[in-house]
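Chemist: Questions regarding the structure given below will be posed in turn.
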Amino acid sequence: MERLQKVIANSGYTSRRKAEELIKNKKVKVNGTIIDELGYKVSKNDSIEIENKLLKKEQKEYYILYKPEHTISSAKDDQNRTTVVELINTKTRIYPIGRLDYNTTGLLLLTNDGELANQLMHPKNKVPKTYIAKIAGILTIEEIQKIKKGIIIEGRKTIPTFVKQRHKNINKNTSKIEITIIEGRNHIVKKIFEALNHPVIELKRENYGFLNLNGLKKGEYRSLTIKEIKKLYSLK
Ligand code: URA
């Protein structure tokens with residue numbers, strides 16, 4: 001059983017807030033009866049009508065996108081920049097699960113499955129995400145140790161589960177670091193390196209849990225397989 005406004009929003013019909021307004025304004029019927037109570041619970045077998053039209057249960061869609069730089073991780077942008085949603089050819093109202101910065105490239109999941117999105121983005125959910133950060137300068141062994149022990153960002157310690165230097169360019173004084181983190185805090189990788197005075201020059205997410213970018217080029221995407229979707233649901 002799920003709350004009526006959640007079922008309406010998850011169907012892709014409208015946002016949760018607008019669904020609540022429709023309910024309060026007596027526009028929603030469940031099995032033929034007007035329901036104006038927020039939080040009324042419905043099951044999969046109940047028929048829901050909005051303004052006398054049957055609510056279609058939208059097919060769920062799941063995509064893995066190799067996000068290019070200069071794209072924004074949202075469904076809409078008030079500055080008219082290209083959004084990650086625009087890169088995917090679908091008429092369904094999908095949205096990204098979490099965010100990658102405008103200039104960050106790499107693995108991004110998109111879906112219209114609100115339940116999975118909420119589950120994966122919940123702070124309790126510990127999905128490891130692996131990034132390759134090209135940074136200014138070359139980390140000393142002590143600095144790598146510091147990152148491994150945990151850097152305090154905005155009052156909270158972030159402890160990566162893996163950190164390793166992958167490449168260094170002595171001439172250009174840059175290096176590439178692989179770093180795996182569990183948290184979903186905004187700009188977290190950039191903040192870790194900034195805290196050590198090694199600003200990030202480029203950032204790419206290579207893995208999200210068990211998923212990787214194999215077979216995809218920048219800007220390309222594919223649908224997730226049933227097996228992958230089930231495995232994402234089991235990542236609790
Ligand atoms: N950390 C960042 O700093 N930026 C991203 O896009 C993702 C993680």
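The values are calculated or read from the model by the stated rules, or taken from the named source; none is laboratory data. Just so you know, these numbers come straight off a predicted model, no measurement behind them. Glycine also receives a Cβ, built like all others from the backbone with ideal geometry; neighbour counts cover every protein chain displayed. Just so you know, the surface numbers come from the protein's heavy atoms only, side chains and all, with ligands and any DNA or RNA stripped out. Shrake-Rupley method; radii C 1.70, N 1.55, O 1.52, S 1.80 Å.
Chemist: Return the residues of segment 36-48 that are more than 16 Å from Arg16 (Cα to Cα) and open to solvent by less than 70 Å² (accessible area, probe 1.4 Å); say none if nothing qualifies.
Modeler: Ser43, Asp46, Ser47
Chemist: Looking at segment 198-236, which of its residues are within 19 Å of Thr158 (Cβ to Cβ) and either in contact with an Asp or Glu (Cβ under 9 Å, 6 or more places away or on another chain) or among the small types (Gly, Ala, Ser) (or both)?
Modeler: Within segment 198-236, His198, Val200, Leu203, Glu206, Gly209 meet the criteria.
Chemist: Specify which of the listed residues (Arg93, Arg99, Arg166, Arg81) is open to solvent by 60 Å² or more (accessible area, probe 1.4 Å), within 13 Å of the ligand (Cβ to nearest atom) and either modelled with pLDDT of 95 or more or not acidic (Asp, Glu) (or both). Outline the logic, then answer.
Modeler: Working: Arg93 fails: within 13 Å of the ligand (Cβ to nearest atom); Arg166 fails: within 13 Å of the ligand (Cβ to nearest atom); Arg81 fails: within 13 Å of the ligand (Cβ to nearest atom).
Step by step, each of Arg93, Arg99, Arg166, Arg81 is checked, and only Arg99 is open to solvent by 60 Å² or more (accessible area, probe 1.4 Å), within 13 Å of the ligand (Cβ to nearest atom) and either modelled with pLDDT of 95 or more or not acidic (Asp, Glu) (or both).
Chemist: Taking the stated definitions as given, is Ser15 small (Gly, Ala, Ser), in contact with a strand residue (DSSP E or B) (Cβ under 9 Å, 6 or more places away or on another chain) and either over 30 Å from Val200 (Cβ atoms) or open to solvent by less than 20 Å² (accessible area, probe 1.4 Å) (or both)?
Modeler: Here the answer is no, as Ser15 does not meet what is asked.
Chemist: Here is a further query. Considering segment 169-200 alone, what residues qualify as being open to solvent by 50 Å² or more (accessible area, probe 1.4 Å) and away from the ligand (no atom under 13 Å from the Cβ)?
Modeler: Answer for segment 169-200, where residues must be open to solvent by 50 Å² or more (accessible area, probe 1.4 Å) and away from the ligand (no atom under 13 Å from the Cβ): Ile170, Asn171, Lys172, Asn173, Lys176, Asn197.
Chemist: Quick check on segment 222-236: of everything there that is part of a helix (DSSP H, G or I) and open to solvent by 70 Å² or more (accessible area, probe 1.4 Å), which residue is nearest to Asn89 (Cα to Cα)?
Modeler: Of everything passing the filter in segment 222-236, Ile226 is nearest to Asn89 (Cα to Cα).
Chemist: Does segment 46-53 include one or more residues that are within 16 Å of the ligand (Cβ to nearest atom) and touching a residue at least 40 places away in the same chain (Cβ under 8 Å)?
Modeler: We begin by selecting, within segment 46-53, every residue within 16 Å of the ligand (Cβ to nearest atom); these are none.
Checking segment 46-53: not a single residue is within 16 Å of the ligand (Cβ to nearest atom) and touching a residue at least 40 places away in the same chain (Cβ under 8 Å).
Chemist: Of the conditions (1) without any contact (Cβ under 8 Å) to a residue 24 or more places away in the chain; (2) touching a His at 6+ places or on another chain (Cβ under 8 Å), Ala136 fails just one. Which one is it?
Modeler: (1)
Chemist: A further question follows. Go through segment 116-161 and count every residue that is part of a strand (DSSP E or B) and surrounded by 12 or more Cβ atoms within 10 Å (Cβ to Cβ).
Modeler: Within segment 116-161, the first condition is being part of a strand (DSSP E or B), and the residues that meet it are 129-136, 151-153, 156-158.
So of that shortlist, the ones also surrounded by 12 or more Cβ atoms within 10 Å (Cβ to Cβ) come out as 129-136, 151, 153, 158.
The total comes to 11.
Chemist: What are the residues in segment 102-115 that are away from the ligand (no atom under 13 Å from the Cβ) and either open to solvent by less than 30 Å² (accessible area, probe 1.4 Å) or at pLDDT 95 or above (or both), if any?
Modeler: Within segment 102-115, Leu109, Leu110, Thr111, Asn112, Asp113, Gly114 meet the criteria.
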